[in-house]
Amino acid sequence: MMFCPKCGSIMTPKKEKGKNSLVCSCGYTNKKAEKIELKEEIKEIKEIEAIEEEVEIYPLVESDECAKCGHKKAYFWEIQTRASDEPATKFLKCQKCKHIWRDYK
Ligand SMILES: [Zn+2]
Ligand SMILES: [Zn+2]
């Protein structure tokens, strides 16, 4: 739990564009929390790049439409990016155009 340095109220976590930040009803936002999330984002991108070469060994599944080409089959795998008690992040890679995206469902 975190308290607002401005007014002392309990700050509430808020998800914006996939990033976590802490906000207060007085309008104060914890920018530090945003920066930490950004670093994790970079780490995840590196993990995607590392796995790209061997992704074809992963199962081909029925997926949502690819944002780039509309194809509905993608390779699927999961990566444990954060603490082990949190659910793994699901990744999909379009069979056709090799576009990679994260499945937030
Ligand atoms: Zn406040
Ligand atoms: Zn595609």
Of all residues in the stretch 91-105 being at pLDDT 90 or above and either acidic (Asp, Glu) or outside any loop (DSSP other than H, G, I, E, B) (or both), the one that is surrounded by the fewest Cβ atoms within 10 Å (Cβ to Cβ):
ARG102
Output the strands (runs of 3 or more DSSP E) that fall wholly within the stretch 1-67 and possess 2 or more residues being modelled with pLDDT under 80 and surrounded by 13 or more Cβ atoms within 10 Å (Cβ to Cβ), or say none.
19-23
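If you scan the stretch 77-97, which residues turn out to be free of Cβ contacts under 8 Å to residues at least 24 places away in the same chain and either farther than 19 Å from GLY18 by Cβ or in the same structural domain as LYS19 (by TED's automatic domain parsing) (or both)? Walk me through how you get there before you give the answer.
As a first pass, look at the stretch 77-97 and keep what is free of Cβ contacts under 8 Å to residues at least 24 places away in the same chain: 78, 80, 83-88, 90.
Matches in the stretch 77-97: SER84, ASP85.
The values are calculated or read from the model by the stated rules, or taken from the named source; none is laboratory data. These figures come from a predicted structure and were not determined experimentally. As a convention, Cβ positions derive from the backbone with ideal geometry for all residues, glycine included, and neighbour counts pool all protein chains shown.
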